[in-house]
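First up is the structure itself, then whatever we jot down about it.
The numbers here are math on the coordinates, done by the rules we state, and not lab data. Since we're looking at a predicted model, the values are computed, not measured. A quick note on method: Cβ atoms are made from the backbone with ideal geometry, for glycine too, and the neighbour counts reach across all protein chains shown.
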Amino acid sequence: MRPAGRGAAGGARPPWTHYPAYILFRLACWAVRLLPLRLAYRLAEGGSRIACLVDLRHTAVARRNLDIAFGGSKTKRQKRAIVRGAYRNLFLTMTEFILTPKISRSGEPFSRPVNIRVVRRALRAGKGILFAVSHFGNWETMATRTPEFDGIIKTVDRPLRNTLIHGEIERLRAMNNLVGIGKKRVVREIIDQLRRNRGVTVMTDQYAGRHAPFVPFFGRPASTPATIPILALKTGAAVIPAFDVRVGYGRHEVHLCEPVPMASTGDRDADIAEGCARINRVVEEWVRRHPDHWMWMARRWRRKKAPCEA
């Protein structure tokens, strides 16, 4: 069992304390890959039901988020079903990601792009693509077996403290047509990728801190990452939201939306905030269509601190 790498940055040898967790992680992956695919999916669903019962902290967060998003338009029973669906989606996503080598060897269809013409059209424009992605469906495998994505997409990732596990995750992402961009020189590498008329995926649905734009999401201000609007205004890259929709065990449709135009009024801060709001509107539309596909367990809405609290 050889480590996938010597750390996210290829630096010094990882500390010995990283090895026990890494070995357990690799053993767990090995055990999952021994299972028939359908059985692995069934076990993932069973695990999700158990997690939904025992993970009281995150289920409470999910219920609060659903109250914010839908208010009284959905019943408590409907909201409980959405929470169960969100856990199911998360466990299936983790399982499919672990099974990447086995799925790749099987040669069976996994994901089908919908509306791929928007990507071709954006590439013809020659300014690269910023894919706005979220924790929706299986966000890790959206580029799998799509010839148009071969070798052209990188993703902005957050390195794990355990560099050995992070290296293994990077290896699996590479098998899904995604190459990670580390924190060092991230902006320069993204701009270089776009100038070469390639794509970069950026998460857009995470809490981005109190200094990020607070723009509407389900009618309530939410701190929203400004990376995509900033880069789009600087480079002219197309902004294409992408969403993975499950259509069966190990079967996905990757929906590629029409490019989101960025505001360009000359007021930089206002344009960035408007760009964030436009992306949020697209994400909200898809979450309303498939609420069980989104990860409700994260604290998406947090209040903005007053200056005296900073």
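Here is how the numbers come out for the structure above:
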read-out: Given charges at Cβ of Lys, Arg, Asp, Glu: the stretch 68-149 dipole, positive-most of ILE98, THR141, PHE70; value: PHE70
read-out: Cross-link reach list, aspartates and glutamates versus LYS184, counting only Cα pairs under 17 Å and skipping chain neighbours closer than eight places; value: ASP157, GLU170, ASP192
read-out: Sites VAL186 and GLU108, calculated FRET efficiency, Cβ-Cβ separation with R0 41 Å, nearest 0.05; value: 0.70
read-out: Net dipole in debye of the chain [+1 Lys, Arg Cβ; -1 Asp, Glu Cβ; about Cα centre; nearest 20]; value: 520
read-out: Cα shape, the stretch 250-309, gyration tensor, a/c 1.5 rule; value: oblate
read-out: Share of pairwise Cα separations in the stretch 10-78, more than 16 Å, in percent; value: 70
read-out: Among TYR19, VAL260, LEU231 - extreme Cα towards positive end, dipole of the stretch 18-304, charges at beta-carbon; value: TYR19
read-out: Descending semi-axes in Å of the stretch 18-304, equivalent ellipsoid built from Cα gyration tensor; value: 29, 25, 18
read-out: Fraction of antiparallel bridges per DSSP, the chain only, in percent to nearest 5; value: 35
read-out: Likely footprinting exposure, ASP271, ASP55, fewest C-beta neighbours within 10 Å first; value: ASP55, ASP271
read-out: Stretchable slack from LEU56 to GLU253, in nm (0.36 nm times residue separation minus alpha-carbon distance); value: 67.8 nm
read-out: Cα shape, the stretch 155-310, gyration tensor, a/c 1.5 rule; value: rounded
read-out: Within the stretch 39-59, backbone nitrogen closer than 18 Å to the virtual label 7 Å beyond the Cα of ARG80 toward Cβ; value: 48-59
